[in-house]
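This report refers to the structure that appears directly beneath it.
None of the figures in this text is laboratory data; all of them are computed from the coordinates on show. Please read all numbers here as calculations on a predicted model, not as lab measurements. Positions of Cβ are generated from backbone atoms using ideal geometry, with glycine treated the same way; all protein chains shown enter the neighbour counts.
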Amino acid sequence: MTARMFAKLWMLLATLVVAGAATPLAMAHEYDVHAKPKGERCVEPTDFMRRNHMELLKHHRNEALRQGVRTTKHSLKGCVECHASAKTGSVAASKEDFCVSCHAYTAVHLDCWDCHATKPGKKALKEGVAP
Amino acid sequence: MSDRRDFLKTSAKTGAVVAGVSLAPGVLFYGIAQGRAPEEAASDKRRYGMLIDTTKCGDGCRECVSACNTENGLSGKTGPQDSQWIRKVEIENLQTGAQHELPVMCQHCENPPCVDVCPTGASMRRADGIVLVDRHICIGCRYCMMACPYKARSFVHEPLHDQNPEVPRGKGCVEACTFCVQRVDRDESPACVDACQKSGHQAMVFGDLNDPASAVSQAMKAHASTEIRADLGLHTAVRYQGI
């Protein structure tokens, strides 16, 4: 029993050390984002968005579709309109585009673009991004 | 003695009550003047519906169909694996020889069979009566397509590109007429209704069935209309006149 406990403790210690070592590395990594956003600032602080954008999008999608709440602050359409790259006009057409650059790095597959447009609509392009 | 100043002081303390009272007329006024605010959820105070006058529907006219295709980014092809959200149907009474053309789309039932059979809850009816597919949780089983008596739903078989940003669509999901929900939420009519008006036939009227003053309520009150397959008791939001 003691041997198993020691093993567990050892695993825990090892995990902590690895996590501790990995965090500064991950934080120091500069995401290869070539596409500069069009707006001045994001709808939420960048740190918050990096960790929670998926929660905001999920919350908004359910409200928008199921209840018809059409606020624009946390809508995917808003993200695309601001973050579409100048080169491809898209957020997910090339590896340097906004969404793909991070998601390739974190190895998280995106289903959004199977259905959602990766480029802003013609109207949004004409009017530019709202401040 | 209570003056205006004292009244305001007490009002501030019981802010919620006063705000509720003072807001109510404002909200109501906004509701009539401009429809729903973006942050306001759809409610059962409204029920969207449509009246289609088959006697006015133009022979060979496809304006509603092409407007729907443009608005929702459909290919316009009519093969067995292509999405069709609205179809022109020709009917003939074999006894009398009377012929009609009429557009048929999702009838936005009050008791939708597609919602009954959906195993994931993706097929849903919004509070204001618009029947939608939540593609985020649709698994593409197509039960709803079999359950629908109106052949209103289509399945997307191939990957799609360059969708309309307002109308996300993709492979592996079932889809159907949404009453152009993106337009309705902006207080506009569906694309087919606008196209029908522009074409000069004016066979389609759209609006709030719960509002007795709306054009669609007035038209339904003035003319005899029926549901397709009224025997099923689905209480559709789309009704037809002249069939």
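With r as the distance between the Cβ atoms of B:ASP187 and A:TYR105 and R0 = 30 Å, compute the FRET efficiency 1/(1 + (r/R0)^6) and round to 0.05. If you can, show how the numbers build up before the last one.
Values: r = 43 Å, r/R0 = 1.42.
Efficiency, from the Cβ-Cβ distance: 0.10.
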Completion exercise
Going through A:LYS73/B:LYS56; A:LYS126/B:LYS45; A:LYS122/B:LYS77 one by one, the pairs whose alpha carbons sit over 32 Å apart turn out to be A:LYS73/B:LYS56; A:LYS126/B:LYS45
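Which of A:LYS58/B:LYS151; A:LYS38/A:LYS77; A:LYS36/A:LYS77 have a Cα-Cα distance over 21 Å?
Over 21 Å Cα-Cα: A:LYS58/B:LYS151.
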Exercise for the section: Sticking with the crude label model, points 7 Å out along Cα→Cβ, report the distance from B:ASP44 to B:HIS100 in nm, one decimal please. Expected result: 3.0 nm
Fill in the blank from the handout: Computed on Cα atoms, the radius of gyration and Dmax of the stretch A:33-127 in angstrom are 13.0, 36
Completion exercise
Taking N as the number of residues in chain B, the ratio of its alpha carbon radius of gyration to 2.2 N^0.38 Å works out to 1.21
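For B:THR55 and A:LYS122, FRET efficiency with R0 = 41 Å and r from the beta-carbon atoms, rounded to 0.05?
Efficiency, from the Cβ-Cβ distance: 0.65.
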Handout entry: Cα extents of the stretch B:43-103 along the three principal axes, largest first (Å)
Key = 42, 37, 19
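Which order do B:THR96, A:THR118, A:THR71 fall in if you start with the one that has the fewest other Cβ atoms within 10 Å?
Neighbour counts put them in this order, fewest first: B:THR96, A:THR71, A:THR118.
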Fill in the blank from the handout: Amide H neighbours of B:ARG239 at under 5 Å, excluding residues fewer than 5 places away on the same chain, with H built from the backbone geometry, are B:MET50, B:LEU51, B:ILE52
Exercise for the section: Treat each spin label as a single point 7 Å out from the Cα along the C-beta direction, and report the A:GLU55 to B:ARG142 distance in nm. Expected result: 4.0 nm
Handout entry: Cα-based equivalent ellipsoid of the stretch B:194-243: semi-axis lengths in Å, sorted from largest, via gyration tensor
Key = 20, 14, 10
